[in-house]
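A short worksheet on the structure shown next.
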Amino acid sequence: MSVDLDAIACYYRIHALGDPPTDRARFAVLRRCLPRFAELFARHGVRATFFVVGADLEEDAEGRALLAELARAGHELANHTHTHPYDFARLGRAEIAAEIDRAHAAVGACAGSAPLGFRAPGYEINAEVIELLAERGYRYDSSVFPSAPYYGAKALIMAAMRLRGRPSGSFLGSPRALLAPRGPYRPRPGSPYRRGDGDGLIELPIAVTPIARLHVIGTSLILAPSWLRRHLVQVALRAPFFNLELHGIDLADAQADEIPPRLVARQPDLRRPLAHKLAALDETLTAARAAGARFVTLAQVEV
Ligand SMILES: [Zn+2]
């Protein structure tokens with residue numbers, strides 16, 4: 001189980017909504033959603049991986065304290081860049097390195113030990129990113145999302161936004177990712193989406209189903225009708241490795257957390273009641289336990 005702790009401001013950039021909120025909603029993901037994940041995982045005996053944006057730790061002492069507590073409880077804190085730039089993989093080498101290094105320091109100080117894993121904003125990496133992570137002793141990257149249906153849906157939404165004259169702040173990554181292996185692999189030097197034979201850093205792709213490569217992530221489980229959700233989870237559980245990616249916002253309560261209505265209008269998952277979303281994830285974790293799944297943090301995955 002991994003949770004990307006993207007702040008509300010990230011969704012403002014994706015949906016081109018202008019200046020993000022400066023009131024309570026600003027820190028809603030760390031202060032309101034994170035404790036709900038902690039409770040959910042405690043109920044099921046899950047140790048999870050939280051991908052943390054470095055700058056959020058510097059700006060929010062309350063969120064930082066919550067994360068430090070999770071680290072002490074055995075959860076993993078990993079690196080999700082310092083400022084979550086959607087053009088991360090298009091930046092120059094020095095800027096990419098700075099994004100990794102600043103978050104590395106902030107997350108390490110919060111967790112009490114250096115992060116071992118990385119996830120790129122918007123799932124986009126390149127050979128240089130992998131190289132920089134390996135140089136810094138990272139054990140894994142978990143950014144590859146080899147889902148053609150997800151990629152296609154994102155491309156359509158972005159094209160529609162461009163046509164309306166309000167281009168998304170997000171970017172469409174390389175289509176080569178769609179052919180990447182579904183299970184853990186060691187990337188080939190220079191070709192991060194292909195299996196190599198070295199003994200370097202491991203890539204831990206985000207879960208997709210075999211053949212159709214339907215994405216099995218928090219949003220798809222929350223929005224799917226229950227028969228489809230159960231089916232996706234059962235199929236994903238047949239693989240030896242099921243990397244279920246969630247986002248902090250998956251457990252937002254739009255009203256109680258005072259999420260601005262203009263964002264709620266753009267994000268269908270925010271219009272689902274919190275009780276529904278919790279029930280969907282509870283059911284998923286119960287199914288995983290019934291199937292004999294062993295929950296580990298991503299740093300504990302062995303290849
Ligand atoms: Zn993110």
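The values are calculated or read from the model by the stated rules, or taken from the named source; none is laboratory data. Since the model is a prediction, treat every value here as computed from it, not as a measurement. Reconstructed Cβ throughout: ideal geometry from the backbone, glycine too, with neighbour counts over all protein chains shown.
Listing for the model above:
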item: Residue in region 208-217 that is of a type in the set (Val, Ile, Thr), surrounded by 13 or more Cβ atoms within 10 Å (Cβ to Cβ) and part of a helix (DSSP H, G or I) present; result: no
item: Answer residue from region 107-138, given it is within 16 Å of the ligand (Cβ to nearest atom), farther than 13 Å from residue 203 by Cβ and assigned to a helix (DSSP H, G or I) and is modelled with the lowest pLDDT among those; result: 122
item: Condition check for residue 75: under 17 Å from the mean Cα position of the chain (by Cα), over 24 Å from residue 278 (Cα atoms) and touching a residue at least 40 places away in the same chain (Cβ under 8 Å); result: no
item: Some residue of region 177-197 being within 16 Å of the ligand (Cβ to nearest atom), touching a strand residue (DSSP E or B) at 6+ places or on another chain (Cβ under 6 Å) and more than 29 Å from residue 27 (Cβ to Cβ); result: yes
item: Hits in region 139-173 - residues which are of a type outside the set (Phe, Trp, Tyr), more than 20 Å from residue 214 (Cβ to Cβ) and in a loop (DSSP other than H, G, I, E, B); result: 139, 164, 165, 166, 167, 168, 169, 170
item: Some residue of region 274-296 being within 24 Å of residue 22 (Cα to Cα) and surrounded by 14 or more Cβ atoms within 10 Å (Cβ to Cβ); result: yes
item: Residues of region 248-263 that turn out to be in a helix (DSSP H, G or I) and more than 14 Å from residue 223 (Cα to Cα), as a count; result: 4
item: Flag for residue 170 being closer than 23 Å to residue 5 by Cα, surrounded by 16 or more Cβ atoms within 10 Å (Cβ to Cβ) and not acidic (Asp, Glu); result: yes
item: Region 175-201 residues that are closer than 23 Å to residue 137 by Cβ, paired with ones that are aliphatic (A, V, I, L, M) and part of a strand (DSSP E or B) (beta carbon under 7 Å, 6 or more apart); result: 184/202; 186/202
item: Among (1) under 18 Å from residue 170 (Cβ atoms); (2) touching a Lys or Arg at 6+ places or on another chain (Cβ under 6 Å), the one test that residue 116 misses; result: (1)
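Per-residue answers, yes or no, for (1) surrounded by fewer than 22 Cβ atoms within 10 Å (Cβ to Cβ); (2) over 30 Å from residue 164 (Cα atoms); (3) among the β-branched types (Val, Ile, Thr):
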| site | (1), (2), (3) |
| --- | --- |
| 7 | no, no, no |
| 20 | yes, no, no |
| 42 | yes, yes, no |
| 53 | no, yes, yes |
| 58 | yes, yes, no |
| 64 | yes, yes, no |
